[in-house]
Protein chains: 2
Amino acid sequence: MESEELRNVGLKVTTPRLKILSLLENAKAKHMTAETIYRQLSEGGEVIGLATVYRALAQFEAAGLITRHQFEGGQTVFELERGPHHDHIVCARCGRVEEFYDKVIEDRQREIAEKLGFTLSDHALTLYGECSNGTCTAKNG
Amino acid sequence: MESEELRNVGLKVTTPRLKILSLLENAKAKHMTAETIYRQLSEGGEVIGLATVYRALAQFEAAGLITRHQFEGGQTVFELERGPHHDHIVCARCGRVEEFYDKVIEDRQREIAEKLGFTLSDHALTLYGECSNGTCTAKNG
DNA sequence: ACTCTACATGAGAATAATTCTCATGTGCAA
DNA sequence: TTGCACATGAGAATTATTCTCATGTAGAGT
């Protein structure tokens, strides 16, 4: 239940928040911009201000429910924080996003940070390339 | 000579381009925003439009003379493309940026891309943490 | 259930970063 | 030397995001 999720992180359960959260859970695209979320909700007949979408996303992020990614060239996208940590590879041609996890890289990052005297708190790793996908033409998330 | 660099990449040698390029080469900070570049040139008495700074930076980037980084939270920064490839670790507290290169990670990235059917063309890796630096208080680049 | 208050919301204005427009200026090939 | 493709400065325009403010509402305490 989405209301549980909100309560668990100390957020009031409100209609806009529920709608946004469940859109993120049910949408076809895993990575969505604030605009896209706003538009899809509007098309679904909801009356939710764009500012509210931005506010809710910021709160969800602070609460750890979602993650924010800034792929190069594109707008900021948001993704539900489900399952294990992963990084992304983005097709420069069609915009397709694949996820991956690599223990070697993860470990190495921690070692590097330590060696340089940093306490690692986060990281952003995105690979860019062209996918050899036949359907590599249209944009999707 | 900066004029050489410009000619080599097929750009006309103009005063604004030369000024921007040499500022990037001589500035104390290795990573600068377009605004900073604009401001420093203005303070130095140059009359160069901000739009020109953006235009020049975009061209330099396309030509491979500089690289663009989008550290989280911050504005886009530009860095002269000198020496070997490297990635960054940014202190979340004081903004200090350190560079590092790790062959293991680099190799791994290529392998991952290949395994996923992508031809790797680029990547962005930034680590975030807190540096254990005593001087870790003020912002710098 | 009722009420009160702190927090949430929608709408549109405001801001920040970047790009565009356009009239004018200029590097450089011929 | 000159012509013209490309570059420039200034400010307008655009884009993404955040703020403001008057109003609405969730939910703790009764």
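If you count the DSSP beta bridges with both ends in the stretch A:19-141, what percent of them are antiparallel, to the nearest 5?
The antiparallel proportion sits near 70 percent.
Rg and Dmax in Å for the stretch B:40-141, alpha carbons only: what are they?
16.7, 53
For the stretch B:1-78 and the stretch A:1-34, what is the separation of their C-alpha centers, rounded to whole Å?
42 Å
Cut-off 10 angstrom, C-alpha nodes, Gaussian network model of chain A. Which of A:GLU114, A:GLU35, A:GLU61 fluctuates the most?
Sorting by GNM fluctuation, first place goes to A:GLU114.
Considering only A:GLU25, A:GLU130, A:GLU79, give the residue with the highest GNM mean-square fluctuation for chain A, with springs between Cα atoms whenever their separation is below 10 Å.
Looking only at A:GLU25, A:GLU130, A:GLU79, the biggest GNM fluctuation is shown by A:GLU130.
Can you tell me the orientation of helix A:34-43 relative to chain A, as the angle in degrees between its alpha-carbon axis and the longest Cα principal axis, to the nearest 10?
Tilt of helix A:34-43: around 30 degrees.
Could you point to the residue in A:GLN109, A:CYS94, A:SER121 farthest towards the positive end of the stretch A:87-129's charge dipole, with +1 and -1 charges on the Cβ of Lys/Arg and Asp/Glu respectively?
A:CYS94
Suppose you put the label 7 Å out from Cα in the Cβ direction; list, shortest first and in nm with one decimal, how far A:GLU46 is from each other copy's label.
Ordered by distance, the counterparts are at 4.8 nm.
Let me have the relative contact order for chain A, percent, based on Cα pairs under 8 Å that are six or more residues apart.
20 percent
Please report, for the Cα atoms of the stretch A:2-80, the Rg to one decimal and the Dmax as a whole number; what are they, in angstrom?
Rg then Dmax for the stretch A:2-80, in Å: 11.8, 36.
Quick one: among A:LEU120, A:LEU23, A:LEU80, which has the greatest mean-square fluctuation in a GNM of chain A with alpha-carbon springs under 10 angstrom?
Checking each option, the largest mean-square fluctuation is seen for A:LEU120.
In percent, how large is the relative contact order of the stretch A:87-129, given Cα pairs closer than 8 Å and 6 or more residues apart?
Once divided by the residue count of the stretch A:87-129, the mean separation gives 54 percent.
Could you tell me the calculated FRET efficiency between A:LYS103 and A:LEU50, based on Cβ-Cβ distance and R0 = 35 angstrom, to the nearest 0.05?
Using R0 = 35 Å, I get an efficiency of 0.35.
Sum up the charges of everything whose Cβ sits under 12 Å from the Cβ of A:THR52, counting Lys and Arg as +1 and Asp and Glu as -1, but leave A:THR52 out.
Its environment carries a net charge of +2.
Using a cut-off of 28 Å between alpha-carbon atoms, which lysines can reach A:LYS115, once sequence neighbours fewer than 8 places away in the same chain are excluded?
Partners within reach: A:LYS103, B:LYS28, B:LYS30, B:LYS103, B:LYS139.
For the stretch B:98-106, just list the computed ³J(HN,Hα) in residue order, Karplus coefficients 6.51, -1.76 and 1.60, θ = phi - 60°, integers in Hz, with x standing in for Gly and Pro.
With coefficients 6.51, -1.76 and 1.60, one gets 10, 10, 8, 9, 9, 4, 4, 5, 4 Hz.
We did not get these values from a lab; they are worked out from the coordinates using the rules stated. Everything quoted here is computed from the prediction, not taken from an experiment. Because the Cβ atoms are built from the backbone with ideal geometry, glycine has one as well, and the counts that use them run over all protein chains shown.
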